[in-house]
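The values are calculated or read from the model by the stated rules, or taken from the named source; none is laboratory data. Predicted model, so just to flag it, every value in this text is computed and none were measured. Cβ atoms come from the backbone with ideal geometry, glycine included; neighbour counts cover every protein chain shown.
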Amino acid sequence: MFKQLWPTRSAIAHLRFVFSVFLLPVFCFAYSQAPQINMTKAVLIFIIWHVLAFPASNGYNSYFDKDEDSIGLLEKPPVVDLSLYYFSILLEVLAFGLGFLVSWQFAIAVLLYGMMSKMYSHPSTRLKRYPIISFLTVFIFQGCFIYWTTYTALSGVSLFDYWDARFIMAGAICSCLIGASYPLTQVYQHDEDSRRGDRTLSLLLGYKGSFIFSGVLFTSAIVLTFFYWQTISLKPFYSFLICALPVFLYFNYWFYLVGKSTSNANFKNAMRMNFISAACMLIYFVGLMVIPKAGPLLPKSGIMQTQLNNRNRQGVTITSHSS
């Protein structure tokens, strides 16, 4: 077993570290909106999610999926081996342990995320075979769950004490963006999913339905973004529309191609869609991180502000993103 902890080339490929970039906008959004940041914890949180937890989830799922056809970022996935299983477990243990350096709440959040990702593909539960449950698992645990736990961990406040309309709405925006891409990552895997007995959301909706469903969720994200920024400034909303334009254009072009022939619902087009949407969303959310005026105003009162004031009086080193 100890020998298997050293990953093979196949195991490294299936961890798909680059795939974590697709989830990076959620972290960037949380970072940009957190009123005050502990930079040491920010780096640690980034490593835990994007270097450890997300790749561990990818590897664990790949081990039990044993895909033969194309999957995300791997057009011809190599045969999985036992080192993939053990190394993904090792990464997850490291993520959970390091989580306590942030807070016990964040560590539990990392553990819960790992448990749900295992249930997604493990044969004994395999949530992936149930279209609605599998969608909700990804919709929640790669969207709002990551945002809320990252935001509170970055701010150094309790997850249980800070809930308001903007906080909830920001998580909903993340879930809608993640949910919009979900069926499109399955649209080229219909044959393999059918052979395995996995009734995915894309299979349930069909080719046309997958695009319509994705479009509805992306539109929902746009509407929520408008209401999120309405009380502060609509400039970030207009910036979002500009960044979303290439996504909208390619999405409709791809939908048109699939309407002509379902053979266009293939790996290459799906990866182009993923990279275009990830690049555009990263540009937007990284922009929110580096432009201070795009950050939220500090609440004048409430539990969160009280906690932050107490931390400041105790001499905690922080970086502010508020205008």
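Brief remarks follow.
- If you check MET304, MET273, MET281 for being part of a helix (DSSP H, G or I), among the hydrophobic types (A, V, I, L, M, F, W, C) and modelled with pLDDT under 90, only one passes: MET304.
- Contacts under 6 angstrom Cβ, first residue in the range 49-63 being within 18 Å of ALA109 (Cα to Cα), partner not in a helix (DSSP H, G or I), 6 or more apart: ASN58/ARG16
- Some residue of the range 28-40 being under 19 Å from GLN142 (Cα atoms), in a helix (DSSP H, G or I) and among the aliphatic types (A, V, I, L, M): yes
- Residues that are touching a residue at least 60 places away in the same chain (Cβ under 8 Å) and not aliphatic (A, V, I, L, M), drawn from the range 76-95: PRO77, PRO78, ASP81, SER83, TYR85, TYR86, PHE87, SER88
- Pairs meeting the criteria (first residue in the range 133-155 and assigned to a helix (DSSP H, G or I), second residue among the basic types (Lys, Arg) and at pLDDT 95 or above, beta carbons under 7 Å, at least 6 apart or on different chains) are lacking.
- So TYR85, is it farther than 24 Å from LEU177 by Cβ, touching a helix residue (DSSP H, G or I) at 6+ places or on another chain (Cβ under 6 Å) and either small (Gly, Ala, Ser) or in a helix (DSSP H, G or I) (or both): yes
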